[in-house]
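The values are calculated or read from the model by the stated rules, or taken from the named source; none is laboratory data. Because the structure is predicted, anything quoted here is derived from the model rather than measured. We work out accessible area using only protein heavy atoms, side chains counted, and drop any ligands, DNA or RNA first. Shrake-Rupley method; radii C 1.70, N 1.55, O 1.52, S 1.80 Å.
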Amino acid sequence: MEQINFLLFCTTALALIATPGPDMLYVATRSLTQGKAIGLVSMLGICAGYLVHTCFAMMGLSAILQASEVLLQHCSLVGCCLPPLLINPTIIEIASCSKHKQ
């Protein structure tokens, strides 16, 4: 029975990874603005993040976060602060490219 649960978990994880979302937009943006090599590195970084997240889910960390409201709020706060930090360099680069074209 455990083997069936593991296969079901892996199938679900792969289905979620294959679904288009913000990560695909991120890789496409990096590839178009900075080249194929940077796009490949971005894709590998996202896959590493998926691997870590899936391992944490298998270890039950998701259940711990769900049980601890304070820990969940802290993780959510960190998650809210990261996207602006990651998007800011891209916005600055796009703005500087448009200035040079004028």
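Axis of helix 2-18 versus longest Cα principal axis of the chain: the two differ by about 20°, to the nearest ten degrees. A straight line joining the Cα centroids of segment 47-68 and segment 1-45 runs 16 Å. Helix content alone sets the calculated 222 nm mean residue ellipticity of the chain: runs of n ≥ 4 DSSP H residues at -39500 (n - 2.57) each, divided across all residues, give -31500 deg cm²/dmol. Computed over protein heavy atoms with a 1.4 Å probe, the accessible surface of the chain works out to 83 Å² per residue.
Ignoring ligands, DNA and RNA, what percent of the 1.4 Å accessible area of segment 2-71 is carbon and sulfur?
Carbon plus sulfur share of accessible area: 76 percent.
Each listed q (0.14, 0.22 Å⁻¹) maps to a log10 I(q)/I(0) for the chain, found by the Debye formula over equal Cα scatterers with no solvent: -0.75, -1.26. Taking each residue as 0.36 nm, the span from L85 to M43 lengthens on full extension beyond its C-alpha to C-alpha distance by 13.3 nm. Take every Cα pair under 8 Å whose residues are at least 6 apart in sequence, average their separation, divide by the length of the chain, and the relative contact order is 12 percent. With 0.36 nm allotted per residue and the present C-alpha distance subtracted, the L7-S68 stretch has 19.1 nm of extension available.
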